[in-house]
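The values are calculated or read from the model by the stated rules, or taken from the named source; none is laboratory data. In this text the structure is predicted, and so the values were computed from the model without any measurement. Using ideal geometry, Cβ is built from the backbone for each residue, glycine included, and neighbour counts are taken over all protein chains shown. Areas reflect the complete protein model, heavy atoms only, side chains present, ligands, DNA and RNA absent. Shrake-Rupley method; radii C 1.70, N 1.55, O 1.52, S 1.80 Å.
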Amino acid sequence: MTQPRFRGNLDYKTEFSAVVSGMFDNLIADRQARIAAIQTLIDEYFACIGEIPEGSELDRLADLMLNEELTDKHPDKVTRTEYPFLSESQFARRRNNETSLDRAAESLDANGVDHRKPTRRLRNKWEDAFVDENAQIRNADRQRHYNAFKYGKKRYGGGGFRFLQWGEKAYESVPI
């Protein structure tokens with residue numbers, strides 16, 4: 001019994017893969033001639049080996065047949081052709097740009113304005129520290145005023161304004 005050979009090579013799968021790669025390198029411009037060459041190659045492989053090529057190689061040959069559609073990078077390809085299909089990168093870009101109908105129906109109006117309740121951003125550490133320091137000074141002033149009122153005085157005599165020192169800057173707080 002003889003071992004199967006493709007174009008004289010015992011490693012027929014590697015040889016077939018090399019021939020397919022060569023077809024990609026030397027691309028036939030006419031689509032019908034390219035399809036005929038691919039069909040001839042598959043028939044030759046089947047005649048020599050007795051089985052059809054592997055699925056990955058058939059995938060590569062299908063990509064070779066559809067070379068014009070797969071290499072068309074125009075973003076509006078869908079409206080320019082009658083029966084378009086997208087490459088993987090074009091499909092991913094389209095999926096990222098789409099909006100789900102659930103979200104659109106709940107929050108977007110006809111002009112695309114989002115009417116959801118806005119969410120506040122989180123303060124950073126510097127802002128939190130500033131607010132805390134300012135609040136402590138205000139609370140101390142309020143406590144002095146309250147104690148003065150509680151013990152029969154009309155107003156605390158220490159003054160109505162406080163200045164907050166924060167690093168190199170001085171901020172004047174609101175009157176109490």
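Values for this structure:
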| read-out | value |
| --- | --- |
| Any hit, region 83-93, residues being of a type in the set (D, E, K, R) and closer than 30 Å to Arg116 by Cβ | yes |
| Test for Arg94: is it at pLDDT 80 or above and part of a helix (DSSP H, G or I) | yes |
| 1 or more residues of a type in the set (S, T, N, Q), out of contact with any Lys or Arg (no Cβ under 7 Å at 6 or more places or on another chain) and open to solvent by 70 Å² or more (accessible area, probe 1.4 Å): qualifying helices (runs of 4 or more DSSP H) within region 1-86 | 12-25, 31-49, 67-71, 77-80 |
| Conditions (1) among the aromatic types (Phe, Trp, Tyr); (2) open to solvent by 70 Å² or more (accessible area, probe 1.4 Å); (3) at pLDDT 75 or above; number of the one not met by Phe161 | (3) |
| Condition met for Lys169 (open to solvent by 90 Å² or more (accessible area, probe 1.4 Å) and at pLDDT below 60) | yes |
| Test: residue in region 109-129 that is surrounded by 13 or more Cβ atoms within 10 Å (Cβ to Cβ) and on the phi < 0 side of the Ramachandran plot | no |
| Which numbered condition Pro75 fails, given (1) within 30 Å of Asp114 (Cβ to Cβ); (2) touching a residue at least 12 places away in the same chain (Cβ under 8 Å); (3) in contact with a helix residue (DSSP H, G or I) (Cβ under 7 Å, 6 or more places away or on another chain) | (3) |
| Filter result for Arg142 (within 25 Å of the chain's Cα centre (by Cα) and either at pLDDT 80 or above or loosely packed, with under 11 Cβ neighbours inside 10 Å (or both)) | no |
